[in-house]
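S.K.: Below: one structure in structure tokens.
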Amino acid sequence: MLKMMKEDVDVVFEQDPSARSYFEVILTYSGLHAIWGYRIAHVLYKRKLFFLARAVSQVSRFFTGVEIHPAAKIGRRFFIDHGMGVVIGETCEIGDDVTVFQGVTLGGTGKEKGKRHPTIKDHALIATGAKVLGSITVGAYSKIGAGSVVLKEVPDHSTVVGIPGRVVIQNGKRVDQDLNHCDLPDPVADRFKELEAELKGLRDEVQQLRKGTSEYDNKVVQYANKAKGNI
């Protein structure tokens with residue numbers, strides 16, 4: 001466990017450019033404290049000390065704002081950036097070198113029994129406010145964009161954005177962990193632009209039809225006036 005705790009500290013320096021010293025990281029990083037609290041609670045849970053495990057988990061939640069069920073399975077070098085509002089459910093399984101940001105929920109979709117929380121594979125990244133719900137798998141090296149709601153399986157080496165989440169990058173290309181949250185593809189916005197272009201085209205057609213109808217009506221009136229004059 002001490003080796004894993006040392007790795008938890010080291011990964012902070014790898015992932016967070018604002019980290020300055022071991023002293024600062026160990027004393028002030030709530031995400032790190034939440035992971036350490038979980039690791040202690042998980043050991044107690046495996047020893048069937050369920051009440052004590054939940055008590056440690058709740059104390060950690062009170063001080064850090066991060067709720068991790070002690071039964072969850074979390075791998076090595078797990079990094080929680082900022083941390084406030086992160087929720088990780090009981091049957092959640094997280095691989096090695098996974099990163100999550102504040103407000104992330106790895107939860108269930110109802111009161112079903114058994115495996116009801118997500119499986120997050122190695123090197124995945126889940127951005128701010130994303131919700132991954134149900135017994136689904138997020139593939140290795142995949143990224144979930146900020147604010148996305150993921151309800152379906154995510155293949156390896158994929159980027160998912162939107163509500164509900166849609167895969168927008170795939171095809172086996174490795175995705176580095178330097179995600180720029182401001183430059184994610186937005187399929188919903190792209191579709192809105194397409195609809196706006198179609199609507200403009202329809203408006204132009206209607207205007208042309210109205211113009212043609214108006215010209216036709218004017219000609220009819222002219223012919224009618226001429227017919228009256230001849231009579």
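The values are calculated or read from the model by the stated rules, or taken from the named source; none is laboratory data. A quick note: this is a predicted structure, and the numbers were derived from the prediction, not measured. No Cβ is skipped: glycine too gets one built from the backbone with ideal geometry, and neighbour counts run over all protein chains shown.
S.K.: Wholly within region 120-231, which strands (runs of 3 or more DSSP E) include no fewer than the required count, namely at least 1 residues that are within 30 Å of residue 12 (Cα to Cα) and at pLDDT 90 or above?
M.R.: Details: elements: 131-133, 159-161, 166-169.
Counting at least 1 such residues, we get 131-133.
S.K.: While we're looking at this one, here's another question. How many residues does region 85-107 hold that are out of contact with any Ser or Thr (no Cβ under 9 Å at 6 or more places or on another chain) and of a type outside the set (A, V, I, L, M)?
M.R.: Qualifying residue count for the region: 6.
S.K.: Given 20, 77, which one is closer than 20 Å to residue 126 by Cβ and either part of a loop (DSSP other than H, G, I, E, B) or not charged (D, E, K, R) (or both)? Break it down stepwise before answering.
M.R.: On the way: 20 fails: closer than 20 Å to residue 126 by Cβ.
Every option except 77 fails the conditions.
S.K.: Let me ask you something else. Looking at region 98-119, which of its residues are part of a loop (DSSP other than H, G, I, E, B) and surrounded by fewer than 21 Cβ atoms within 10 Å (Cβ to Cβ)? Outline the logic, then answer.
M.R.: Of all residues in region 98-119, those part of a loop (DSSP other than H, G, I, E, B) come to 98, 102-104, 108-118.
Selection gives 102, 103, 108, 109, 110, 111, 112, 113, 114, 115, 116.
S.K.: Among the aromatic types (Phe, Trp, Tyr), surrounded by fewer than 20 Cβ atoms within 10 Å (Cβ to Cβ) and either under 25 Å from the mean Cα position of the chain (by Cα) or modelled with pLDDT under 85 (or both), is that true of residue 79?
M.R.: On the way: among the aromatic types (Phe, Trp, Tyr): yes; surrounded by fewer than 20 Cβ atoms within 10 Å (Cβ to Cβ): no; either under 25 Å from the mean Cα position of the chain (by Cα) or modelled with pLDDT under 85 (or both): yes.
No, not satisfied.
S.K.: Tell me which residues, restricted to region 109-128, are without any contact (Cβ under 8 Å) to a residue 40 or more places away in the chain and either over 15 Å from residue 94 (Cβ atoms) or of a type outside the set (Gly, Ala, Ser) (or both). Let's see the steps before the verdict.
M.R.: Restricting attention to region 109-128, the residues satisfying the condition of being without any contact (Cβ under 8 Å) to a residue 40 or more places away in the chain are 110-116, 118-121, 124, 126.
Within region 109-128, 110, 111, 112, 113, 114, 115, 116, 118, 119, 120, 121, 126 qualify.
S.K.: What's the number of the only condition in (1) surrounded by fewer than 22 Cβ atoms within 10 Å (Cβ to Cβ); (2) assigned to a helix (DSSP H, G or I); (3) within 24 Å of the chain's Cα centre (by Cα) that residue 44 fails to meet?
M.R.: (3)
S.K.: Taking region 37-82 on its own, how many of its residues are in contact with a helix residue (DSSP H, G or I) (Cβ under 6 Å, 6 or more places away or on another chain) and either without any contact (Cβ under 8 Å) to a residue 60 or more places away in the chain or of a type in the set (A, V, I, L, M) (or both)?
M.R.: 17
For every residue, the table says whether it meets (1) touching a strand residue (DSSP E or B) at 6+ places or on another chain (Cβ under 6 Å); (2) within 20 Å of residue 18 (Cα to Cα); (3) not charged (D, E, K, R).
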residue: 79; (1), (2), (3): yes, yes, yes
residue: 83; (1), (2), (3): no, yes, yes
residue: 91; (1), (2), (3): no, no, yes
residue: 94; (1), (2), (3): yes, no, yes
residue: 102; (1), (2), (3): no, yes, yes
residue: 105; (1), (2), (3): yes, no, yes
residue: 116; (1), (2), (3): no, no, no
residue: 123; (1), (2), (3): no, no, yes
residue: 130; (1), (2), (3): yes, no, yes
